[in-house]
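Bear in mind these aren't lab numbers, they're just calculated from the coordinates by the rules spelled out. On a predicted model such as this, the values are computed, not experimentally measured, just so you know. Neighbour counts run over all protein chains shown; Cβ positions are idealised from the backbone, glycine included.
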Amino acid sequence: MKINNILVPTDFSDCSIRALKFAIELAKKADAHVQVVHALSMSIAYNEIAIPQEYEYTEAQAFDRFNELKEDLTELDSITHSFLVNSAATAEVIGETAEMRKADLVIMGTSGAFGLDEILLGTNAFNAIKSTDCPVIVIPEKASFTSPSSIGLAADYHKVPVKSVFEPIIVLAKMYGSQVHILNVSKTNKIGNQESHQAKKFEQYFKNIQHTYHFEIEKNVEEGINNYLSNHKIDLMVIVKRQHSLMEKLSKTSVLKKMVFHTHIPLLILPDRPED
């Protein structure tokens, strides 16, 4: 895998501009093209009801804002880039554009909020992530670009995905000389034969990458991950978006939404792949 095309959705807010700056730095390193996309209408899901909110400007006015952005963000001149305006809802725009433009990676910003804002915006961000089969990096509003020398991977040893799922980590680790911290959160430190067999796949996957194994004994997956992040310097945390095991626990308890919305470091979400 090579990172050739990076998709960055923007609403021209500070947090989305921060994500764009992150994408620019990564594009320089990977020699990639950055596609900046803006949705003219945003759909916010609440209690399964989509409430459309129309922006007060036209497509032409949106491109005017792009031109203003380019004037303010001179770093864009250092990479190849393009702008796109779409009238669909934000989540749909990300999925459709990622597929249409063959994006290798989506980078999007998020800002912290509480109460009703957390319900609304957290659900919207989560829906945007669910709408694409492309790897997504979520950038917190106060995060600045740091070369990811340490990458954390939340690993579930019940069923390890195929190697192609982890290609983005391998590419980034080779690009930046990163060390991968493979973290397993479990209620006990005992690992059965089947789990041990599954865990050995990581040794094959990351055999050419610096990697270490870590365990957190914790009933709550989110708390286990946060405990590890509190005690180790991790520049990028990675979670696999899947229907079973770890991701099933995360989605059932809305932990993924909380992590996406409250993360203090960039979070890479990888889509699962079928068996080869």
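Using Cα pairs closer than 8 Å and at least 6 residues apart in sequence, work out the relative contact order for the stretch 123-212, in percent.
On the way: 76 pairs, mean separation 30.0, N = 90.
Worked out over the stretch 123-212, it gives 33 percent.
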(request) For the pairs LYS29/LYS241; LYS28/LYS241; LYS29/LYS233; LYS70/LYS174, note any where the Cα-Cα span goes beyond 24 Å. (result) LYS29/LYS241; LYS28/LYS241; LYS70/LYS174
(message) Order 95-108, 62-75 from most to least packed using the mean count of other Cβ atoms within 10 Å.
(response) 95-108, 62-75
